[in-house]
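Encoded as structure tokens, the structure appears first; notes follow it.
The values are calculated or read from the model by the stated rules, or taken from the named source; none is laboratory data. Keep in mind the model is a prediction, meaning the values are calculated, not measured. In this analysis, Cβ positions are derived from the backbone assuming ideal geometry, glycine residues included, and neighbour counts consider all displayed protein chains. Areas reflect the complete protein model, heavy atoms only, side chains present, ligands, DNA and RNA absent. Shrake-Rupley method; radii C 1.70, N 1.55, O 1.52, S 1.80 Å.
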Amino acid sequence: MLNLTKKILLAFLASIIVSIGVSKTVNAKTVEIIMAAPDWPPTRFMQEYFNSNFPQSGDTEIKLTLDFIPWDNFYTNVAASLTSGEQKYSMIVSDSQWLGAFIEGGYFQKLNKYIDADPELQAIFDDMHQGYKEGYTTYPYKSENYYGFPQFPDNYVNFYRTDIFCNPEENAAFRAKYGKKLPCTYADWEIVVWDDIFNINEFLTRKKGEMMAGKPLDDDIFGVTYQAGKAYDFSSMQINGFFWQYGGDIWDESNQPNAQAEGVVNSDVNVEAFTKYLDLLHTMHPSHRTGGMGIFEMQALYLEGKIASMINWVGLGAPVVDPNLSKVNDITGYSRQPGTMQDDGTISRWANLGGQPFVLTTWMTQDEIDAAFTIIKWWLSYDTQIAAVKAGGQSCMKSIIYSDGYNALAPWNAAYVASMDWQKDVWHIPEFFELLTQQQEEFDKAITGQQDAKTTLDNIAEFQQELLEEVDRIQ
Amino acid sequence: MKKKVIGQAGWLWTLLASVVAFIYFFPVLFIILTAFRSRSDTLATPPKWFFTPTFDNFYHIFFRSMSNSTEYVATGFHMYFFNSIYISGISVLLALLIGTLAAYGFSRHPLRGNDTYMFIILTTRMLPPIIVIVPIFLIFRITGLAGTYTGIILMYTAFNLPFSIWMMKSFFDELNTEIEDASRMDGASERSVFFGVCIPQVKAGLAATSVFALILTWNEFLFSLLLTNKLTRTMPPAMARTIGGEINVDYGLLAAMICLFIIPIFLITYILQNQLLRGVTFGTIKK
Amino acid sequence: MNRSSGFLSWFMDPKRRGPMLIAPAITVLLLVNIIPLMWSFGLSFFKYRANTLKLPKFSWFYSYEKVLTKDNIWETLQTTAIIVAGSVGLQMIFGFLLALLFASQFPLRKILLMFVLAPMMLSNVAVAIYFKLFYEPEFGLLSQFVQSFITGEMYVLLGTPAGALIGVIFADAWQWTPFVMLLVLAGLVSVPKHLYEAAEIDRMSWWRKFTTITFPYVRSLLLLAVLFRTIETVKIFDLVFILTNGGPGTATETIGVLVYRTAFQFFRTSNSAAMGYILLFAVIVLTSLYLYVIKQRESEEI
């Protein structure tokens, strides 16, 4: 009996030893990277594609686990995780504006030494579109300190109803009234400036029952619409574009400590630009009067056919072409958003870029860092990026966006790529949120008609000057 | 016709109550309807009151395609539902037990500084939770409670204690002590006085406390979001996933989740209604 | 046998009974609440921002001074007071009326009661999201109603400070009136019937019956309801944040929203702690006053 038991025990032990030995040779070790990510299709794709397509090599198994957090609470969750010292995440999808806050908090890692040491990474960085490299990875903005890689690049494009804008009767009527063509094709929209929108919106604002594109309307409709939302950064994203197109600027972070806020933010050209923004707003859908015309509200209106055009992020484009969600999925065209005519006859199209980079945290081990860079190289490789774009994502790698066939991958790609040269970003400094919140509040007051443009910009300039002087960013 | 304030009323009263109840319930009705219709029907202008119902939203609770590929994956929703039931149930029971004992203590055996203790217990509810979330987060991590059932149950029990204690003390204070004294004279032990005389009289209080504590815990969002992990997560953070992303709110999906989620509380409240409306006294005179 | 009864009698010794009964509750509360409260209280005396590597610097009342001298705190407290007064006031009135409605037995009472209790069972976030939809100028029921029957235009409720406040107050009151109703109802049904019968014999008027018999029974529960609803509503966050984001401008920015921004967006951690304790102080003062007045009136009655 004992003999048998002994034999069984020995066999058991032996099998354990063998299996350990076998696994040791097959998987020397596993490195797991946990990444905090907002819960939406572009990040879900990254997880799915990693699981199905990541080429494991060498004897180290790399595991990427995305921790999906609802978009609405993403920031709260990440902030709580970081500031509590939890050290749970090796990589984090971040918004470009949060860079300063979390870098100075000691959470995000500076990547220059890794890039300099690795020619492949060097090549990747050189391949990034300049505006996006500065927007997503640098802190301070436009410096040569690099902190991240693009997860989902984004910018504004114009989504418009081809059935309305290309309708011959409407075109004829418009031409008769205003002497210009109603923009229908991509090329048509290329020469549209904001002043044209006054006419377009006046023309396209109609009540229920009136005729449009040959059919009576079943509800009121409005023309071109852009954001006017208090939450997060919605209003600022559009208004910043106006400032830049008029030749003005926001406080220039890359010029610390000499750049001023007073005199810059409330300069005459800025007031002019902001007034134009507000005037145009009054030709748009009344929802803006709530100060709640954010990116989603606008999208809902467009999908339901209540507005003829929206200027919105490419990232919100997927539902537009989804027949289950959109009434206009097959009658939408895409173009660049209008610009502002300059004195020399060219059109300025400056806009605020969107999208998210991902970053590495400061507590990663060397193994984790190596694994992370392997993942990054895979993610930014041609095949993966193309697959991501096919699934609704975007790329900002020059070799990819300028390659043949890129524009065919998604209907808005042509507009997206062409807009990339006109992107700037808002501040990256840690005080970003305080500046933004006050600015959003003031803009909101102007949008809801409680104060005028000049007072608004004066208030903002004063606040920013005071705050930035207090933290020694202005002298 | 003499109308009594308390007593029997006829179908006329029912009619009045129905109208009022319907008006009050209307927004909830809207949510229920939204659960059964497509997004375009929900956002229809003018409002579409007659539509073809669909069960898609309910299906999507359990199976959804996460990215733009058409693969449908199980969402693990049932886990969150059971977690909610488990965590809420236990913390409410604990709060009821501990709270009622404490309330009895405060009521029948008042200490010096009784009012102070009661007041301090009240103050624990006064701070916006966002202020204490980071130290709590840290404490939970250090003690290893983060992501555990014990941790979040402890948290929710503490949430429910103040109301539990104040409510039950109020009920105990209203009781006539003559019955208890009489019972003690008859030789009953403290335990049987408590369980045999006091508790039956305060059933309404127990029922009300349970209902409110359950509702509070069931819908609690912030602490669950930050202190639970994938295994212990409750429903509210899971519902948050219907907001934001590529489209604003998935009204239908959220409504469907709400419909399912509200069923347990609805049932328990309905069952406890009798207790809630029975009242405090055995027909004795208020002192 | 001896040992256990000895232990139990120590436990249940009349002198110790009180403390023993309340000990578990105090322990739980201490563990979960006191330590974090002490932590953030302590932090409010330092100068600390969670997003910089600088260590907290002890600076006495610096944070408090900072918070109290910035104009917006007073405005915020005022906004909060308006919302609390409006919402709790509505809850009291309608809660009481609804309780009166449901106090008598009538057919279908149990089912109809459930309809009225349903709003309370929804989560804050759900109420906020759907009320935002209701108030929406294009898709919302309110606007469509106004557009179809009153004006021909879309109705923008949340576009004005007053409108936004009304919107928030109404949504909050709608959600929590059932709470007050239930408590008042529990009181109403516990009034002994024979008191009413005696009053009938005495031919008391309806109003006198109400004030001398009904109200005293209901009062303690009504006051409890008001107390708790006030304490909870002061902290209001989810509803406001989702519905109006504190707007238009800062018209609906409550202290809950301000504290969130200060702590999690601006990372002025010690300032947010200071804000919290200023708020706590204010609520403690108000609550003490309230309880004192109640006690006074109760002792007057006797």
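Reducing the stretch B:21-68 and the stretch B:82-96 to their Cα centroids gives an inter-centroid distance of 30 Å.
Express the accessible area of the stretch C:62-301 per residue in Å², computed with a 1.4 Å probe while the remaining protein chains stay in the model. Please list the in-between numbers first.
Numbers: 8970 Å² over 240 residues.
Normalised by residue count, the accessible surface of the stretch C:62-301 is 37 Å².
For chain C, carbon and sulfur atoms together expose 70% of the accessible surface, with a 1.4 angstrom probe and every protein chain in place.
Summarising the overall dimensions of chain A from its C-alpha atoms, the Rg and Dmax are 25.8, 106 angstrom. Each residue of the stretch A:90-102 was assigned a 3J(HN,Hα) from its phi angle through the Karplus curve 6.51 cos²θ - 1.76 cosθ + 1.60 (θ = phi - 60°); the sequence is 8, 10, 9, 7, 10, 8, 4, 6, 8, 3, x, 4, 8 Hz, with glycine and proline shown as x.
Per the Debye calculation on the protein assembly as shown with a single equal scatterer at every Cα and no solvent contribution, log₁₀ I(q)/I(0) for q = 0.10 Å⁻¹ amounts to -1.31. Each of residue A:171 and residue A:193 was given a label point 7 Å from its Cα along the Cα-to-Cβ line. The distance between the two points is 2.4 nm.
Within 10 Å of each Cβ of A:309-317, how many other protein chain Cβ atoms are there on average?
On the way: counts 0, 0, 0, 0, 1, 0, 2, 4, 1.
Shielding by partners across A:309-317 averages 1.
Take the accessible area of chain C alone and of chain B alone, subtract that of the pair, and you get about 9100 Å² summed over both chains, using a 1.4 Å probe. Ranking A:115, A:334, A:182 by Cα position along the charge dipole of chain A, where only Lys, Arg, Asp and Glu carry charges on their C-beta atoms, puts A:334 farthest toward the positive end.
Once you've got the Cα coordinates, tell me which of A:208/A:454; B:230/C:110; A:276/A:306; A:230/C:70 are over 31 Å apart. Intermediate results must be reported in sequence, preceding the final value.
On the way: A:208/A:454 37 Å; B:230/C:110 38 Å; A:276/A:306 23 Å; A:230/C:70 22 Å.
In this structure, A:208/A:454; B:230/C:110 exceed 31 Å between Cα atoms.
Over both sides of the A-C contact, add up the buried accessible area with a 1.4 Å probe and give it to the nearest 100 Å². The partial results should precede the final answer.
On the way: alone 20200 and 19350 Å², together 36720 Å².
The buried area between A and C, both sides summed, comes to about 2800 Å².
In this label model, residue B:192 and residue C:286 are separated by 4.9 nm, measuring between points 7 Å along each Cα→Cβ vector.
Other residues within the sphere of radius under 12 Å centred on the Cβ of residue A:399, judged by their own Cβ, net out at -2 (K and R +1, D and E -1). Normalising by residue count, the stretch B:175-258 has a Cα convex hull of 143 Å³ per residue.
Annotation: amide H-H contacts under 5 Å for residue A:128 (H modelled 1.01 Å from N, sequence separation of 5 or more, or interchain): A:398.
Roughly how big is the protein assembly as shown's charge dipole about its Cα centre, with Cβ charges of +1 (Lys, Arg) and -1 (Asp, Glu), in debye to the nearest 20? Don't skip to the answer; put the middle values down first.
Values: 79 positive and 94 negative charges, 1058 e Å.
So the magnitude is around 5080 debye.
Largest GNM mean-square fluctuation among C:189, C:127, C:168, using chain C with Cα springs under 10 Å: C:189.
Close amide H pairs (under 5 Å, H built 1.01 Å from N) link residue A:109 with A:360, A:361, A:362, residues at least 5 positions away or on another chain. Per-residue ellipticity at 222 nm from helix content only, as computed over chain A with -39500 (n - 2.57) for each DSSP H run of at least four residues, stands at -13500 deg cm²/dmol. In the context of the full set of protein chains, residues of the stretch B:58-135 present 44 Å² of accessible surface per residue (probe radius 1.4 Å, heavy atoms only). Shape analysis of the stretch A:429-473 places it in the oblate category; the axes a ≥ b ≥ c from the Cα gyration tensor give an a/c of at least 1.5, with a/b not above b/c.
Kirkwood analysis of the stretch A:44-94, using all unique Cα-Cα pairs, places the hydrodynamic radius at 12.9 Å. Legend: P(r) of the stretch A:160-206 from all alpha carbon pair distances, 5 Å bins from 0, whole percents, reading 5, 22, 36, 31, 6, 0. Note on the stretch C:62-301: Kirkwood hydrodynamic radius from all Cα pairs is 20.3 Å, rounded to one decimal. Scaled to the globular estimate 2.2 N^0.38 Å, the Cα spread of the stretch B:11-74, given as radius of gyration, is 1.60. Expressed as a whole percent, the accessible surface of the stretch B:156-236 that belongs to carbon and sulfur atoms is 59, based on a 1.4 Å probe. Once the C-beta distance of residue C:193 and residue B:19 is scaled by a Förster radius of 25 Å, the resulting FRET efficiency is 0.35 to the nearest 0.05.
Placing a pseudo-label 7 Å from each Cα along the Cα-to-Cβ vector at residue A:180 and residue B:274 gives an inter-label distance of 7.6 nm.
Of C:293, B:202, which has the most accessible area with a 1.4 Å probe, and how do the rest follow in descending order? Walk me through the intermediate numbers first.
Values: C:293 70, B:202 0 Å².
Highest to lowest solvent-accessible surface, that is C:293, B:202.
In terms of its C-alpha gyration tensor, the stretch A:354-454 comes out oblate, because a/c is 1.5 or above while a/b does not outweigh b/c. Of all lysines in the structure, those lying under 19 Å Cα to Cα from residue B:169, and not within fewer than 8 positions of it along the same chain, are B:203, B:286, B:287, C:295.
When the dipole is taken about the Cα centre of the stretch C:62-301, and only Lys, Arg (+1) and Asp, Glu (-1) are charged at their Cβ, what size is it in debye, to the nearest 20?
On the way: 16 positive and 16 negative charges, 95 e Å.
Taking the Cα centre of the stretch C:62-301 as origin, the dipole is about 460 debye.
Taking all pairs of different Cα atoms in the stretch A:102-198, averaging 1/r and flipping that mean, what Kirkwood radius in angstroms comes out?
Working: mean 1/r = 0.0576 Å⁻¹.
One over the average 1/r among Cα pairs gives 17.4 Å for the stretch A:102-198.
Note on chain C: GNM, Cα springs under 10 Å; of C:178, C:161, C:107, the largest mean-square fluctuation is that of C:107. Taking 0.692 mPa s as the viscosity and 37 °C as the temperature, the Stokes-Einstein diffusion coefficient of the stretch C:23-99 based on its alpha-carbon Kirkwood radius rounds to 201 µm²/s. The alpha-carbon of residue A:327 sits under 19 angstrom from the alpha-carbons of these aspartates and glutamates, leaving out residues fewer than 8 places away in its chain: A:163, A:218, A:219, A:220, A:297, A:304, B:41, B:56, B:246, B:250, C:138. Contact residues in the stretch C:15-31 (at least 50 Å² less accessible area with all protein chains than alone, 1.4 Å probe): C:17, C:21, C:22, C:25, C:28, C:29. For the stretch B:244-272, a drop of 20 Å² or more in accessible area on going from the chain alone to the assembled protein chains (1.4 Å probe) is found at B:244, B:245, B:246, B:247, B:248, B:251, B:254, B:258, B:262, B:266, B:269, B:270.
Which order do C:39, A:427 take by accessible area at a 1.4 Å probe, largest first? Display every interim value, and only then the final one.
Numbers: C:39 110, A:427 5 Å².
My answer, sorted largest first, is C:39, A:427.
Antiparallel beta bridges, as assigned by DSSP with both residues in the protein assembly as shown, represent about 65 percent of the total such bridges. Look at the alpha carbon pairs under 8 Å that are at least 6 residues apart: their mean separation over the length of the stretch C:213-292 gives a relative contact order of 19 percent. The accessible area of residue B:259, taken with all protein chains in place and a 1.4 Å probe, comes to roughly 30 Å². When chain B is treated as a GNM with alpha-carbon contacts under 10 Å, the residue of B:151, B:105, B:245 showing the greatest mean-square fluctuation is B:245.
With one equal scatterer per alpha carbon and no solvent term, the Debye-computed log10 I(q)/I(0) for the stretch C:103-181 at 0.20, 0.24 1/Å reads -0.91, -1.07.
Hey, what D do you get for chain B in µm²/s if you plug the Kirkwood alpha-carbon radius into Stokes-Einstein at 25 °C and 0.890 mPa s? Write out the running numbers ahead of the final one.
Details: Rh = 22.4 Å.
D, rounded to a whole number, is 109 µm²/s.
By the Cβ distance rule (another cysteine Cβ under 4.7 Å), the unpaired cysteines of chain A are A:396.
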